[in-house]
Structures are given as C-alpha cells and as structure tokens.
C-alpha cells in the first residue's frame with residue numbers, strides 16, 4: 001500500500017499575504033533606508049540597493065519569502081516605496097538586492113529545475129553581450145465597436161492582442177499605446193578558477209532590463225568583466241522546427257542586480273585607511289627592493305627578471321597626442337628559457353597579483369581565442385563578437401605560456417595587439433576595432449628545447465623577428481650547472497617543500513595589489529631634464545660605438561624602439577615610489593635592464609659588439625656585410641658570362657680572397673636560394689632571378 005506523502009508546509013511557517021508583505025516592507029524600509037530613498041528621489045533616480053543581511057535580521061520570514069517567491073516580494077517592496085509620502089516621481093521605482101546568503105550562491109553547472117522561480121546569486125565572467133533593444137511590457141488597445149480601452153500585459157516572447165471585448169467583438173482591435181523597456185542579453189560563463197579537473201565551463205543567458213543597461217552600468221558588463229549576478233531563474237519554452245513547443249525548456253536569469261567582482265588596476269577601490277598605509281609604505285627607502293622580493297618569493301634567483309616584472313606591473317604612461325597618435329605605456333616582456341627554469345611559475349604568480357589577468361598556454365590557443373571571434377547571436381538573430389584573451393584582459397595582464405608552440409597564423413594575430421593596442425576584425429557583417437590595452441608577459445622555450453652554450457642565443461629563439469621586435473625586454477633564462485648556485489637552489493626548494501609557510505612575500509599580496517593600483521591610478525610621472533639627458537647620452541653612445549665593418553655595413557646596436565622602452569621603464573621606476581618625477585636614478589635603472597637584455601641576446605660573436613639586428617632581423621651586420629660581398633661577386637661574374645650563368649666554385653674562391661670563409665659563403669648561397677634571389681639552372685651553376 002502506497003502512503004500519501006504530505007507535501008504541505010509545516011503549520012508554523014505561514015505565508016504572508018500581499019498586504020502583510022507591503023506593510024512589513026514599509027516598516028523595514030522606513031527604519032533602514034528612509035533617508036536614502038529620499039536622497040535617491042531628490043536626485044531624480046529610481047534605484048535602491050538593499051542589503052539582504054539587514055532584511056534577514058529585521059524579519060526572517062519576509063527574507064525567506066523573498067528567496068522563495070521573489071517576483072511577488074520585489075513587487076511588494078516597490079509598492080511600499082510608492083506609498084511613502086516623499087517628493088519625487090516614484091513610478092517604476094526599482095528595489096535591487098545584494099549580499100544573498102551562502103545557500104543561494106550556486107554555480108552555473110548546479111542549476112536544476114528546483115531553482116526555477118527562486119532568487120539566486122551566480123558568479124562568472126561575461127563572455128558575450130548583445131546590443132540594447134526595446135521590449136514591450138504592456139500594450140493598450142481600443143475596441144472600434146464600443147471604444148473601450150483594453151490593456152494586455154506582455155509576458156511571453158510572442159506579442160499578445162486581446163481575444164475579445166466586453167461588447168462581444170472578437171479581433172480587429174487598434175493598438176493605441178505600448179510601454180517599452182530597454183533589454184540586453186549577456187552570456188555568463190564560469191570562471192576558470194572555479195573549475196575542477198577536466199570540467200568545461202558552463203554558460204547561462206542573463207537578461208538585463210531598465211537601469212541595468214544604462215550607460216553608467218554598461219561598463220560593468222563589458223566582455224571579460226567578472227561579475228556577481230543576483231536574479232530569478234526562469235524557464236524559456238523551446239520552439240520545435242515543426243512549430244510546436246518542446247517538452248524540454250531552456251533557462252534564463254532575469255537579473256535583479258549586477259555587481260562587478262574583479263576590476264582592473266584602474267578601477268580597484270582604495271579606502272582612506274589603505275591610502276594612508278600605501279603612502280607610508282612608499283616612504284620606505286628600500287621600497288623598490290621590497291617590491292622585487294614580493295613578486296615571486298617562491299622562485300629562486302632571477303633577480304633581473306623579477307625587477308622587470310615589478311616595472312611591468314606599474315607600467316609607463318600612456319600618451320595620446322593631439323595628432324591622434326598614441327604611444328603605449330604597457331611594457332611587454334618575453335622570457336626564453338630552458339625547461340624547469342621557473343618560467344610558468346613566474347607567469348602564474350603574476351596572474352595572481354594582477355586583478356585583471358589571464359593565463360593562457362600557446363598549445364591550446366588559437367588566433368581567434370587570443371583576439372576575437374564572430375559567433376551567431378540568438379537574441380538579435382544576427383552576428384555578435386566574442387572577445388578573446390587579449391581583449392578580455394584590456395587594462396590588465398595577459399600571460400602567454402609556450403609562445404613557441406603556437407602556429408604561425410595564430411602568432412600573427414598578436415602583432416597589432418602588441419604595438420597598436422587594438423584588434424581589428426572584419427568578419428561576416430561585422431567590422432570592428434576592439435581595444436586591447438593589454439600588457440603581455442610571454443614565455444617560450446629555445447628552438448631545440450634547451451639552450452646550446454656554444455651557439456648564439458639569438459639564433460636559438462624560434463620566433464619571428466617581427467614579433468620579437470615588439471617586446472621591450474627579452475630575457476634568456478639559462479640552466480647551466482654551477483656548484484654553488486645549484487647547492488643554494490636545492491636548499492631553497494627543499495626548505496620550501498619542508499615548510500611552505502616559511503616564505504611569505506615582504507609585502508602582503510592584497511596590499512601589493514592595492515599599491516600598484518594606487519600608482520597606476522594617481523601617478524603620472526614626467527621626465528626631468530637629468531633623466532632625459534641620461535637616456536639621450538646612452539642612446540647616442542651606443543649608436544656612435546658602431547664602427548664601419550668590411551663592405552661598409554654598420555652595426556646597429558640600438559634602435560628608436562629601445563629608446564621608447566627606456567622611457568617606459570624609467571616612468572615605471574618612478575611609479576614604484578609614487579613619485580611624479582622621473583629622476584636620473586630611474587633612467588639609470590631602465591638603462592641597466594635594457595643593456596642587460598641587449599648584452600645577453602644581441603651580441604655579435606664575430607665582432608663582440610651589441611647588434612640589435614641580430615634580434616630584429618635575425619641577420620647580424622657582419623653577416624649582412626658578407627651577403628653584400630657575395631652578391632657583388634655574383635653580379636661581377638654574371639657580366640663576364642654570355643648566358644648569365646655563374647659557377648658556384650668561382651663565387652666561393654673569389655669570396656675567400658675577399659675575406660669570406662668557404663663555409664660562410666656556402667651558407668649565404670643557400671640562404672639566397674631559399675629567399676628566391678638565385679636558383680640552380682643546372683648542378684654547380686647559379687643564376688640570378
């Protein structure tokens with residue numbers, strides 16, 4: 001025998017009637033928010049944000065009813081406000097909620113049918129955003145027969161008309177008025193840090209209305225923003241191809257409130273007490289060293305790299321000139337190192353410190369995933385842009401690991417973002433330019449997996465020279481056996497494994513984040529004459545140090561791009577101590593870093609001089625000189641030959657007489673063949689194209 005189960009609520013938990021709810025809401029709002037409502041109305045605004053914790057403390061039953069039957073409760077609260085005898089327009093006043101209890105905070109993947117119609121709190125990253133469009137909420141019709149006015153509330157997706165009038169007329173009613181509200185749809189996706197194992201991030205559509213799509217709140221809901229959404233989960237019928245309704249339903253969240261969770265450095269809120277602490281910290285004479293020690297305390301060594309990372313997070317000053325040219329302030333850094341040298345750990349740590357940061361790996365990313373892609377927009381039945389990692393981290397830091405594992409086409413997508421700091425897209429019917437004012441920190445392995453100590457470093461960086469040229473600093477991280485260094489590193493790592501709490505950053509991560517944010521928000525340092533002179537003298541000294549090689553080809557030790565990098569680094573150095581002036585000391589610090597990197601990767605072993613072309617073009621000046629000699633020899637011999645064919649052996653022997661070794665000449669001939677300058681009409685013979 002099956003017993004009937006009583007599904008009724010216990011008698012002691014009674015539901016409040018509509019009038020009781022309005023009365024209790026009036027009491028609550030009068031006691032806690034009366035002055036605030038009066039101020040809001042006097043400013044011509046119509047939105048009140050209520051803290052749920054205050055409501056639960058005042059009336060637990062009212063709070064419980066809000067969670068279980070949100071539509072009725074929110075309407076009761078709005079009616080309660082309208083009943084206040086306050087000056088100002090109280091029609092369409094909206095009450096929004098924040099700080100829901102933990103029981104209502106659910107993950108997108110955990111939403112089930114039992115949550116339909118309940119007030120919940122979701123958290124995630126906005127992946128996609130539609131345009132704002134008007135939606136009808138109610139419509140008034142006139143009966144042509146009797147002149148009666150009929151009002152129809154529009155609650156479904158389909159526009160409804162009255163079926164019949166009191167006078168007996170059916171159909172043919174005239175639409176005289178309709179009420180519209182602004183509506184926008186966003187797609188909310190689970191944040192990567194909330195996932196476990198191989199879980200794929202789940203998504204849900206969120207519908208924003210009225211003030212939630214106002215120009216002021218638009219910035220909160222830009223793709224890439226991390227937000228908390230409080231709203232009511234509703235089911236949406238799915239229409240089948242045959243025209244009927246499916247037994248399955250889709251889910252959508254009718255948003256009640258949207259709060260940004262994670263801002264960029266420029267938007268982080270800093271309280272008065274925190275500001276005092278930051279200013280006090282900036283007075284410390286050893287502040288620069290303390291910042292360096294706090295960047296990655298669990299990684300041994302790499303002092304110069306850590307120094308560069310500190311300056312990268314502070315950044316230079318972005319300058320927009322009157323002619324429309326913008327000079328970027330972001331400092332891009334590339335780490336090329338042996339496996340196990342701690343590159344990925346450094347990237348992960350930076351992604352933790354910076355508030356708007358993303359860690360991506362080159363093997364699992366495409367060009368569209370880095371920049372932007374065009375997807376179908378179900379809401380507007382058209383196309384929409386979905387932002388990639390570089391756009392999502394606008395005003396933040398994008399950490400790209402395994403840069404060398406990316407395909408050539410995908411790497412090419414980064415060129416515009418690194419220098420112009422924008423991403424242009426022209427797909428389907430969308431032509432757009434997205435902002436990507438993103439700082440890039442990238443890591444790669446050498447060409448053959450590990451650095452060869454006998455080979456030149458620049459030759460072992462397996463990246464296109466056009467991309468390398470856009471990085472301000474390039475650090476080779478070599479893992480060479482050294483007894484003292486190895487012993488110190490082994491002790492450091494083992495001590496860390498024994499007790500992970502021993503190494504704490506000198507400056508707490510939360511304070512460090514606020515310190516950097518304060519510097520980026522408030523400090524815009526200007527170059528002093530002494531700093532300008534220091535940078536200028538270094539630039540001129542490096543340029544004049546180049547001597548004329550054989551063949552008249554000059555080595556170029558430094559270019560204008562490095563000059564801009566020096567300025568950015570010097571400005572960032574001034575920001576570390578919250579100074580509005582870039583001093584000579586800051587300029588020297590920037591010069592030391594740039595010179596260190598150039599000396600590591602730009603030294604030409606044949607001349608012993610720094611040659612920027614080794615990095616930028618992959619061909620050092622000495623080799624360029626030799627290429628010019630071989631080309632001249634081919635041109636000379638071609639004139640003497642009736643059919644313009646030249647024997648390879650003749651070219652090699654003449655080149656040897658002019659100081660180009662045999663193996664070098666063979667190498668150059670191969671290079672010219674690959675580039676399409678010469679070809680072999682027959683074996684042992686070359687001809688120019």
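The values are calculated or read from the model by the stated rules, or taken from the named source; none is laboratory data. Here the structure is a predicted model, which means the values were calculated and not measured. With ideal geometry, Cβ positions are generated from the backbone for all residues, glycine too; neighbour counts draw on all protein chains shown.
Across the range 580-629, the number of residues qualifying as at pLDDT 65 or above, part of a loop (DSSP other than H, G, I, E, B) and crowded, with 19+ Cβ neighbours inside 10 Å comes to 1.
For the range 45-73, residues that are part of a helix (DSSP H, G or I), crowded, with 18+ Cβ neighbours inside 10 Å and within 36 Å of the chain's Cα centre (by Cα) total 3.
Here's the yes/no breakdown for (1) out of contact with any strand residue (DSSP E or B) (no Cβ under 6 Å at 6 or more places or on another chain); (2) assigned to a loop (DSSP other than H, G, I, E, B); (3) on the phi > 0 side of the Ramachandran plot:
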{"residue": "290", "(1), (2), (3)": "yes, no, no"}
{"residue": "307", "(1), (2), (3)": "yes, no, no"}
{"residue": "312", "(1), (2), (3)": "no, no, no"}
{"residue": "317", "(1), (2), (3)": "yes, yes, no"}
{"residue": "336", "(1), (2), (3)": "no, no, no"}
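Within the range 184-209, residues that are in the same structural domain as residue 109 (by TED's automatic domain parsing) and more than 30 Å from residue 94 (Cβ to Cβ) reach partners that are at pLDDT below 80 and outside any loop (DSSP other than H, G, I, E, B) with beta carbons closer than 8 Å, at six or more positions or on different chains, in the pairs 201/192.
Within the option set 201, 223, being outside any strand (DSSP E or B), at pLDDT 80 or above and touching a strand residue (DSSP E or B) at 6+ places or on another chain (Cβ under 8 Å) holds for one residue only, 201. Scanning the range 441-462 for residues that are modelled with pLDDT of 75 or more and part of a loop (DSSP other than H, G, I, E, B) gives 445, 446, 447. Evaluate the following for residue 98: is it under 34 Å from the mean Cα position of the chain (by Cα) and surrounded by 14 or more Cβ atoms within 10 Å (Cβ to Cβ)? Here the answer is yes, as residue 98 does meet what is asked.
For the range 129-149, which positions are under 19 Å from residue 186 (Cα atoms) and crowded, with 18+ Cβ neighbours inside 10 Å? The answer is 129, 130.
Only one of the numbered conditions (1) crowded, with 16+ Cβ neighbours inside 10 Å; (2) under 26 Å from residue 567 (Cβ atoms); (3) in contact with a strand residue (DSSP E or B) (Cβ under 7 Å, 6 or more places away or on another chain) is violated by residue 362, and that is (2).
Looking only at residues of the range 76-106 that are touching a residue at least 60 places away in the same chain (Cβ under 8 Å) and assigned to a loop (DSSP other than H, G, I, E, B), we find that the one that is nearest to residue 202 (Cα to Cα) is 100. Of the set (1) out of contact with any strand residue (DSSP E or B) (no Cβ under 6 Å at 6 or more places or on another chain); (2) at pLDDT 75 or above; (3) part of a loop (DSSP other than H, G, I, E, B), all apply to residue 415 but (3).
Just one of the numbered conditions (1) within 16 Å of residue 513 (Cβ to Cβ); (2) assigned to a helix (DSSP H, G or I); (3) in contact (Cβ under 8 Å) with a residue 24 or more places away in the chain is not true of residue 270: (2). Looking across the range 107-124 at every residue that is assigned to a loop (DSSP other than H, G, I, E, B) and over 16 Å from residue 68 (Cβ atoms), the one that is nearest to the chain's Cα centre (by Cα) is identified as 107. As a summary of the residue check, residue 126 satisfies the conditions (1) closer than 30 Å to residue 371 by Cβ; (2) in contact with a strand residue (DSSP E or B) (Cβ under 9 Å, 6 or more places away or on another chain); (3) surrounded by fewer than 16 Cβ atoms within 10 Å (Cβ to Cβ) except for the one numbered (3). Scanning the range 564-578 finds one or more residues that are more than 28 Å from residue 278 (Cβ to Cβ) and either assigned by TED's automatic domain parsing to the domain that holds residue 289 or at pLDDT 80 or above (or both).
Residue-level analysis places residue 237 among those that are at pLDDT below 80, assigned to a strand (DSSP E or B) and in contact with a strand residue (DSSP E or B) (Cβ under 8 Å, 6 or more places away or on another chain). Scanning the range 134-161 for residues that are assigned to a loop (DSSP other than H, G, I, E, B), modelled with pLDDT of 80 or more and in contact with a strand residue (DSSP E or B) (Cβ under 7 Å, 6 or more places away or on another chain) yields 143, 144, 161.
The set of residues in the range 369-412 being at pLDDT below 75, part of a helix (DSSP H, G or I) and more than 26 Å from residue 313 (Cα to Cα) consists of 409 alone. Within the range 32-44, the only residue that satisfies the criterion of being more than 15 Å from residue 85 (Cα to Cα) and either in a helix (DSSP H, G or I) or at pLDDT 85 or above (or both) is 32.
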